[in-house]
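The values are calculated or read from the model by the stated rules, or taken from the named source; none is laboratory data. For clarity, every value in this text was computed on a predicted model and none was experimentally measured. Every residue, glycine as well, gets a Cβ built from its backbone with ideal geometry; the counts of neighbours run over all protein chains shown. Only protein heavy atoms, including side chains, enter the accessible area calculation; ligands, DNA and RNA are left aside. Shrake-Rupley method; radii C 1.70, N 1.55, O 1.52, S 1.80 Å.
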Amino acid sequence: MSKSLRRVMRALAAANLEIAPLELGPETRTAQQAADAAGCALDQIAKSVIFAGQDSGRAILFITAGGNKVDPAKASAAAGEALGKADAALIRAQTGFAIGGVAPIGHLNPIVAFFDPRLGEFDVIYAAAGTPRHIFPIDPRVLLEISNAQVVDFKL
């Protein structure tokens, strides 16, 4: 088991959640691949999109529905600073995850997070569990709470 998957499982356990991540076979790097493998709607996939704060240099997380795209202007307004593309090194250093497996929880360092209100329209959503092949099912209200995210409309 990878260190990243173990961190996500520890974060779930620390929140007193008994949720077993699902291994989906080959890669599920895209939201559509994950939705197809999980047998759910595209918007039930909680994508973790990371931007780099241009002033702070920190990684900023946007948890969004699989079919949505993050609007850079709305995201910057929510974050209170200009945002740019986060490179793989920043993402790995601040979250501990590689691109394609970034989970909304279990980060190496605390992270500012924002949550797409669309995710709250479902009873169950699925999020990356730290690898490109693992996801976990969760109630969106619970994920909102344990990710310490703020609900904001930041989509295009």
- Task: Out of the residues in region 119-129 that are touching a residue at least 60 places away in the same chain (Cβ under 8 Å) and in a loop (DSSP other than H, G, I, E, B), state the one that is least open to solvent (accessible area, probe 1.4 Å).
- Result: Ala129
- Message: Out of the residues in region 130-156 meeting the condition of being buried (at least 19 other Cβ atoms within 10 Å of the Cβ) and modelled with pLDDT of 95 or more, tell me which one is farthest from Glu18 (Cα to Cα).
- Response: Phe154
- Query: Do we have any residue at all in region 27-41 that's on the phi > 0 side of the Ramachandran plot, in contact with a helix residue (DSSP H, G or I) (Cβ under 9 Å, 6 or more places away or on another chain) and not charged (D, E, K, R)?
  - Reply: no
